[in-house]
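Written out below as structure tokens is the structure these notes cover.
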Amino acid sequence: MKRSPLARLWPNATAVVLFIGFAFPVYWMFTTAFKPTSDVITEDPVWFPTSATLDHFQKALDAKNFWTLVGNSLTVTLSAVALSLVIALLAAFSLARMRFKGRRGFLVTFMIAQMAPWEVLVIAIYMLVRDGDMLNSLLPLTLFYMVMVLPFTILTLRAYVAAIPKELEESAMVDGCTRPQAFVRVIFPLLAPGLMATSLFGFITAWNEFPLVLILNKDPEAQTLPLWLSSFQTAFGDDWGATMAAASLFAIPILVLFLFLQRKAVGGLTSGAVKG
């Protein structure tokens, strides 16, 4: 039965409205970064800039400790993602392939951990880091970011491992592979889309995190880029041109990573969404 043109119109119209709603802040951020200061502070918004300048980007790049903070953010984010993938991969394989006492309770614990806001632990985290004399260090940030993304990573990879037929692993073992060899040679290559999806989620979560580094790292050279975005202030208020340029620079790694992993990431999330 064919759907009427009107029935097809409203979903498309809804999609267009949602796309505009989500895309407009990004458009405004990038265009403001290139606008002259006179167009940024004007009372009447300049929707379509007629001239462009790189002065705001130059100011952002020349900001104190910029490249140090870039290195801090990359170090903390990539380390947290790598650690979470290694731990989650082993845990996901065990949960998907093995049956042991307490398995369901273990899964429920991870689901609860995923739903619970970590902000309730901020005071405990601060006291733990302070008592360990690790304030203004990147190590606590790396470990806590890893813990933040670990439940989602384990649950997603577990579902993805469960979707891979056991017969593939058993066939490799019949052909002479040990279980670890079968995992590395057969299962691991098939997990690539799931690893892409969880890596993207973990990277975005750790890259954007703001409150924890604000509390634990007061030393400007031990901070990360999210705090740097709040530093563009003058005696007359916020420098919105430089702030938008800094936000654009901050968003570029995420956009590049998403565009690079987009197809495999979406496939990993949908393929892993099975009952295990």
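The values are calculated or read from the model by the stated rules, or taken from the named source; none is laboratory data. On a predicted model such as this, the values are computed, not experimentally measured, just so you know. Because the Cβ atoms are built from the backbone with ideal geometry, glycine has one as well, and the counts that use them run over all protein chains shown. Please note that ligands, DNA and RNA were not included when accessible areas were found on the heavy atoms of the full protein model with its side chains. Shrake-Rupley method; radii C 1.70, N 1.55, O 1.52, S 1.80 Å.
Go through (1) among the small types (Gly, Ala, Ser); (2) under 12 Å from Leu225 (Cα atoms); (3) open to solvent by 30 Å² or more (accessible area, probe 1.4 Å) and name the single condition Ala60 misses.
Going through (1) among the small types (Gly, Ala, Ser); (2) under 12 Å from Leu225 (Cα atoms); (3) open to solvent by 30 Å² or more (accessible area, probe 1.4 Å) one by one, Ala60 breaks only (3).
Is region 10-32 home to any residue that is farther than 30 Å from Leu155 by Cβ and assigned to a loop (DSSP other than H, G, I, E, B)?
Looking for residues that are farther than 30 Å from Leu155 by Cβ and assigned to a loop (DSSP other than H, G, I, E, B), one finds none in region 10-32, hence no.
Quick check on this structure: which one of Ala96, Ala80, Ala91 is within 19 Å of Leu138 (Cβ to Cβ) and modelled with pLDDT of 80 or more?
Of Ala96, Ala80, Ala91, the one residue that is within 19 Å of Leu138 (Cβ to Cβ) and modelled with pLDDT of 80 or more is Ala80.
Given the conditions (1) open to solvent by 50 Å² or more (accessible area, probe 1.4 Å); (2) at pLDDT 85 or above, and given that Ser38 satisfies all but one, which numbered condition is not satisfied?
(2)
Consider region 184-237. How many of its residues are over 30 Å from Pro140 (Cβ atoms) and open to solvent by 20 Å² or more (accessible area, probe 1.4 Å)?
Number satisfying all stated conditions: 12.
When you check Val17 against the structure, is it touching a Phe, Trp or Tyr at 6+ places or on another chain (Cβ under 6 Å) and outside the structural domain of Ser248 (by the TED database), yes or no?
no
How about region 41-73: which of its residues are in contact (Cβ under 8 Å) with a residue 24 or more places away in the chain and part of a helix (DSSP H, G or I)?
Asp55, His56, Phe57, Lys59, Ala60, Leu61, Phe66, Thr68, Leu69, Val70, Asn72, Ser73
Hey, does region 58-66 have a residue that's at pLDDT below 85, acidic (Asp, Glu) and over 30 Å from Arg158 (Cβ atoms)?
no
Quick test for you: out of Thr32, Thr50, pick the one residue that is open to solvent by less than 40 Å² (accessible area, probe 1.4 Å) and among the hydroxyl-bearing types (Ser, Thr, Tyr).
Sole residue among the options that is open to solvent by less than 40 Å² (accessible area, probe 1.4 Å) and among the hydroxyl-bearing types (Ser, Thr, Tyr): Thr32.
Pick from Leu157, Leu138, Leu150: which is of a type outside the set (Lys, Arg) and open to solvent by 30 Å² or more (accessible area, probe 1.4 Å)?
It is Leu138.
Can you tell me which residues in region 87-119 are exposed (fewer than 11 other Cβ atoms within 10 Å of the Cβ) and under 21 Å from the mean Cα position of the chain (by Cα)?
Hits for region 87-119 are Ile112, Met115, Pro117, Glu119.
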